[in-house]
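Enquirer: Mind looking over this structure? Questions follow.
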Amino acid sequence: KSAKTLRTLQLRFEKYDLGISMKTEKTVYPVGTKEITVIISNNNSRTLFFGVDYGIARKKGDEWIALNTSTVFNSLGIGVEKGRNYDFKAWMYNLVNDNKPGTYKIYKRIGFDGSRKEWYMSAEFRIE
């Protein structure tokens with residue numbers, strides 16, 4: 001058994017219909033995939049605002065277990081206006097994560113430009 005401690009994800013993912021979506025380019029990826037393309041779409045009248053940081057989690061029973069990602073991100077602010085998409089690559093860090101077949105999610109903290117309210121959005125996918 002590994003001495004590694006698993007971190008259970010303790011985040012609330014809000015499900016509001018704000019005209020905003022986050023999804024992966026594909027719904028299923030093969031074992032060994034190094035990166036996942038994620039698309040955030042904004043059809044809300046307000047501009048979205050978020051950073052480049054993200055997290056990845058794997059479903060284990062009824063819980064989501066946080067996986068290792070980079071702990072260093074550039075401090076950039078990204079704005080996505082109405083009718084626009086933003087794509088980014090989420091690295092799976094296969095050397096430090098046991099990315100076995102299962103259900104995964106990439107999650108990201110997002111808000112509206114000029115607002116202090118933020119929430120988490122996520123995109124689920126499978127590795128088979």
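The values are calculated or read from the model by the stated rules, or taken from the named source; none is laboratory data. Because the structure is predicted, anything quoted here is derived from the model rather than measured. Cβ coordinates were reconstructed from backbone atoms using ideal geometry, including for glycine residues, and neighbour counts include every protein chain displayed. Heads up: the accessible areas ignore ligands, DNA and RNA and are worked out on the full protein's heavy atoms, side chains in. Shrake-Rupley method; radii C 1.70, N 1.55, O 1.52, S 1.80 Å.
Enquirer: Extending each Cα 7 Å along its Cβ direction at Glu81 and Asp98, get the distance between those two points in nm, one decimal.
Expert: Rounded to a tenth, the inter-label distance reads 4.8 nm.
Enquirer: Moving on. Please report the accessible area of Leu18 (heavy atoms, 1.4 Å probe, ligands and nucleic acids excluded) in Å², nearest 10.
Expert: Around 60 Å² of this residue is reachable by solvent.
Enquirer: So, one more: So how far apart, in nm, are the two label points at Asp113 and Thr33 if each is 7 Å from Cα heading toward Cβ?
Expert: Inter-label distance under the simple model: 3.1 nm.
Enquirer: Still on this structure, I have one more. So how do Val80, Val52, Val31 rank on accessible area, 1.4 Å probe, biggest first, that is with the largest at the start? Walk me through the numbers before you get to the answer.
Expert: Numbers: Val80 5, Val52 40, Val31 85 Å².
Sorted descending by solvent-accessible area, the residues read Val31, Val52, Val80.
Enquirer: Let me ask something additional. Accessible surface of Trp119 in the full protein assembly, 1.4 angstrom probe, to the nearest 10 Å²?
Expert: 30
Enquirer: If I model a spin label at Asp53 and Glu128 as a point 7 Å from the Cα along the Cα→Cβ vector, what separation in nanometres do I get?
Expert: The two pseudo-label positions are separated by 3.4 nm.
Enquirer: Run the numbers on region 69-128 and let me know its relative contact order in percent, using alpha-carbon pairs under 8 Å that are six or more apart.
Expert: Details: 50 pairs, mean separation 17.5, N = 60.
Across region 69-128, relative contact order equals 29 percent.
Enquirer: How large, in percent, is the carbon and sulfur part of the accessible surface of region 18-94 at a probe radius of 1.4 Å? Intermediate results must be reported in sequence, preceding the final value.
Expert: Values: 2090 of 4460 Å².
Carbon and sulfur: 47 percent of the exposed surface of region 18-94.
Enquirer: Restricting attention to the alpha-carbon atoms of region 39-128, what are Rg (one decimal) and Dmax (integer), both in Å?
Expert: 14.3, 41
Enquirer: At 1.4 Å probe size, put Asp53, Asp62 in order of accessible surface, largest to smallest.
Expert: Details: Asp53 60, Asp62 150 Å².
Per-residue accessible area, sorted high to low, gives Asp62, Asp53.
Enquirer: Does region 87-128 classify as rounded, prolate or oblate by the C-alpha gyration tensor (a ≥ b ≥ c root eigenvalues; a/c under 1.5 gives rounded; else a/b over b/c gives prolate, otherwise oblate)? Show your work: numbers first, answer last.
Expert: On the way: a/c = 3.25, a/b = 2.46, b/c = 1.32.
Judged from the Cα gyration tensor, region 87-128 comes out prolate (a/c at least 1.5, a/b above b/c).
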